[in-house]
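In what follows, a single structure is set out as structure tokens and then discussed.
Laboratory data are not the source of any read-out in this text; all were calculated from the coordinates shown. These figures come from a predicted structure and were not determined experimentally. Quick reminder, even Gly has a Cβ in these numbers, built from the backbone with ideal geometry, and neighbours come from all protein chains shown.
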Amino acid sequence: MTSTKRISRPIRRNRGAAAVALAAATALLAGCSSSDSKGDDPLSDSKASGDGVVVGSNNFAESILLADIYGEALKAKGIKVSYKPNIGSRETTYGLLKNGSISVLPEYNGALLAYLDPKATPKTVAATTSAIEAKLDSKLTLLQPSPAQDKDSVTLNAATAKKYNLTDKSSIADLKDIAKDLVIGASPEFQTRQQGLVGLKDVYGLEFKSFKALDAGGPLTKAALKKNTVQAADIFTTDATISKEKHVVLQDPKNLFGFENVQPLVYKSALPQKGADALDAVSAKLDTATLLDLGAQVQLQGKDPLDVAQAWLKSAGLD
């Protein structure tokens, strides 16, 4: 969720393209590693040796990009880093964090809180962090949240929006009378989460014609929405394909999808203070517009996420 060539990485894939293609093939990948990763099974529960920091990512392009930003920022401070990319859902990554197999993971505070405490309804970013910390495993901690947000959404394809006269000013609530005619697509977990079908029914009274299990805002979901296999989908709001395909993101006035600030989740004993300071410095400079631009470079221009990460860190004075 990208890279300059180095001697330590003689064989290098374009992970901007590879991440998208491979995520479509499987939700849990063992290969396609970032720099200095040894290609270990991402689901391995082996802990990092020595003083190394293991940066993990979920199986979508933005998470991989963010992991590369974190990892390269840590390397700039002289910290040994390896990567476990493309792991899968939060249900998996949280377990790997708890057992120390991963040291750092880019998280989204609202989604993490929904996983830890589905009934929580914080009204501020600070309250979201506090609510998460109250539920976190004692071995874990959150660092500072960034201003950058990438929220789940209910997004319609252009044809569906036009058919029902809906625009980006329209609300999710405007689907109440037509949801019964629409197929919605998203990751399998979306079907059972409060920030998903459960909340869409409880908060907005929506019952869709059917649900199609796809991926977490990835190539399967985007392809299905484009082809009208699904008419609505959970697409992340910083996804560059929204503007490219003229999809319509509906407003969420009842704040079902809450706050979704990018925020590092850390296995406490694995990250030295200089590492925490480095990641806090990243968060301070990462805003939504920047994240959208960096994501477009990966997803639309086909750039390697590590290259994009390193270029941004240099431009931000963080390398």
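Data for the structure
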{"item": "Gain upon complete extension [residue 121, residue 158; 0.36 nm per residue less C-alpha separation]", "result": "10.1 nm"}
{"item": "Pairwise Lys count, the stretch 163-217 - Cα closer than 12 Å, eight or more residues apart or different chains", "result": "4"}
{"item": "Low-density loop cleavage sites - trypsin sites (Lys or Arg not before Pro) in the stretch 160-216, where at most 10 other Cβ are within 10 Å (DSSP)", "result": "169"}
{"item": "Compactness of the stretch 253-319, expressed as Rg and Dmax over alpha-carbon positions, Å", "result": "14.4, 40"}
{"item": "Pair residue 76, residue 246: separation of 7 Å Cα→Cβ label points (nm)", "result": "4.0"}
{"item": "All-pairs alpha carbon distance profile, the stretch 85-215, 5 Å steps from 0, percent", "result": "2, 8, 17, 19, 18, 14, 11, 7, 3, 1, 0"}
{"item": "At most 14 other Cβ within 10 Å, DSSP loop - GluC sites (Glu not before Pro), the stretch 151-255", "result": "207"}
{"item": "Kirkwood-Stokes translational diffusion coefficient of the stretch 188-319, alpha-carbon pairs, 25 °C, 0.890 mPa s, µm²/s", "result": "142"}
{"item": "Candidate lysines for bridging to residue 268, where Cα separation is under 21 Å - those fewer than 8 sequence places away on the same chain excluded", "result": "47, 75, 77, 80, 84, 98, 135, 139"}
{"item": "Estimated inter-spin distance, residue 274 and residue 223, nm [label 7 Å along Cα→Cβ]", "result": "4.5"}
{"item": "Förster-model FRET efficiency, 41 Å R0, residue 134 and residue 169, C-beta, rounded to 0.05", "result": "0.65"}
{"item": "All-pairs Cα distance distribution in the stretch 171-261, expressed in whole percent, bin size 5 Å", "result": "3, 14, 26, 28, 22, 7, 0"}
